[in-house]
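> Here it is, the structure, as structure tokens.
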């Protein structure tokens, strides 16, 4: 999750902040959360135990991170671990087998490639967050003066490092440095030759 440089056609005209249509499976609308297990995929007894244990732990704790595994071990030991009979543990049900097949058979359509330079966010499935620029230098200048839709203006050092390296995480926290977000974090990871 972060920001990345994509090389797209100079005339690429996809709305900013809108996920690229080729990344969105149109058949997903034909699925529903399983009404028998509330989308958890567990049988009735396992689901009851899961909910009970979930309510007993702090969501920010290590114990919460291991909740599913711990419930599975406890339910197996008690002899009732299992998956929802209706959805088979998948958590979703489909309006028809044909819809499920269409969903699983669908393939992404990649963003067209070209000579242009554009920043995309990768926190969602992926969307452009700057206009397309004809050169790396023009994109750097834009990032310094204006910034992307998700980041305000950034330092030249960060913009150049980001454009050169092509990717940066959404944020980083480093002891002694603090919390640095978006493109500004690129200067912390610069891969240029020393």
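> Rounded to the nearest 500, what is the chain's calculated 222 nm mean residue ellipticity when only DSSP H runs of at least 4 contribute -39500 (n - 2.57) each, over all residues? Numbers along the way, then the final one.
On the way: 6 runs with 58 residues, N = 194.
Result for the chain, helices only: -8500 deg cm²/dmol.
> Using only Cα atoms, tell me the angle between helix 136-145 and the longest principal axis of the chain; keep it within 0 to 90° and round to the nearest 10.
80 degrees
> Here's another thing I want to ask about it. How high is the relative contact order of segment 30-105, in percent, with contacts defined as C-alpha pairs under 8 Å that are six or more residues apart?
Numbers: 83 pairs, mean separation 38.6, N = 76.
RCO, segment 30-105: 51 percent.
> Among 100, 52, rank each residue by its count of other Cβ atoms within 10 Å, from fewest to most, as a rough exposure measure.
Ordered by Cβ neighbours within 10 Å, fewest first: 52, 100.
> Using the basic label-point model (7 angstrom from Cα toward the beta carbon), what is the residue 135 to residue 33 distance in nanometres?
A separation of 5.2 nm, rounded to one decimal place.
> Okay, next question. Let me check against my output: what whole-number percent is the relative contact order of segment 1-133, with C-alpha pairs under 8 Å and at least 6 apart?
Worked out over segment 1-133, it gives 51 percent.
> Give me the Kirkwood hydrodynamic radius of segment 1-137, using the inverse of the mean 1/r over all pairs of distinct Cα atoms, in Å to one decimal.
18.4 Å
> What is the angle, in °, between the Cα long axis of helix 44-56 and the longest principal axis of the Cα atoms in the chain? Nearest 10 is fine, range 0 to 90.
60 degrees
> Just 71, 163, 57 to compare: in a GNM of the chain, with alpha carbon springs under 10 Å, which one fluctuates most?
Comparing 71, 163, 57 in the GNM, the peak value goes to 57.
> Most exposed first by the Cβ proxy, i.e. fewest other Cβ within 10 Å, how do 28, 142 rank?
Neighbour counts put them in this order, fewest first: 28, 142.
> If the elastic network links every pair of Cα atoms under 10 Å, which of 65, 43, 11 fluctuates the most in the Gaussian network model of the chain?
65
Taken together, the values in this text are just the output of simple stated rules run on the coordinates, not laboratory data. Bear in mind the structure is a predicted one, so any value in this text is a computation, not a measurement. Because the Cβ atoms are built from the backbone with ideal geometry, glycine has one as well, and the counts that use them run over all protein chains shown.
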